[in-house]
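First comes the structure, then the notes that go with it.
The values are calculated or read from the model by the stated rules, or taken from the named source; none is laboratory data. Being a predicted model, the structure only gives us computed values, none of them experimental. Please note: Cβ atoms are built from the backbone with ideal geometry, for glycine as well, and neighbour counts cover all protein chains shown.
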Amino acid sequence: MRDGGKETRKNMNVLVPHTIRIRVPSARHVAILGDFNNWHSNAHPLVQVGADLWERIIDLPPGKHRYAFFVIDDVEDRDLRTRVIGNGSVLWVPENSAQSLSITAHPSLALRRELRVA
């Protein structure tokens, strides 16, 4: 905290853009959720940009952010299944945006929970 806390307050207003990508076969909906959006599954939906590929650019303040992906899948007989992928993952956002990295999540991190919708 320098200059009586002015630098700390200034850095909290800085947002660094990150491209988030994940490949999820048979997904109907994918969203990123985390401590940066109070774990709301509808706050940051991703856009399907290719076969099974979902993406979104999100602006995050510097620091450590926990995140996961919320997925709604199409399954047999017109049922839907929800699952969380990568729960407990951590993204570090540097204060210098030139040092920022984009992440691509791997679906093998999936934790499955069935939800049947009629």
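Just a few scattered comments:
A quick yes/no check of all residues on (1) within 14 Å of G86 (Cβ to Cβ); (2) among the small types (G, A, S):
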residue: V14; (1), (2): no, no
residue: S26; (1), (2): no, yes
residue: V30; (1), (2): yes, no
residue: G34; (1), (2): yes, yes
residue: Q48; (1), (2): no, no
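- Taking the range 70-117 and the strands (runs of 3 or more DSSP E) fully enclosed by it, the elements with 2 or more residues that are among the charged types (D, E, K, R), modelled with pLDDT under 55 and in contact with a strand residue (DSSP E or B) (Cβ under 8 Å, 6 or more places away or on another chain) are at 110-113.
- Just one residue in the set I72, I57 is closer than 19 Å to V14 by Cα and in contact with a Ser or Thr (Cβ under 6 Å, 6 or more places away or on another chain); that residue is I57.
- Evaluating I32 against the criteria (1) in contact (Cβ under 8 Å) with a residue 40 or more places away in the chain; (2) over 20 Å from N13 (Cα atoms) leaves one unmet condition, (1).
- Among residues that are closer than 29 Å to E95 by Cβ, of a type in the set (D, E, K, R) and touching a strand residue (DSSP E or B) at 6+ places or on another chain (Cβ under 6 Å), R66 is included.
- If you go through the range 75-96 and keep only what is more than 20 Å from H29 (Cα to Cα) and β-branched (V, I, T), you end up with V90, V93.
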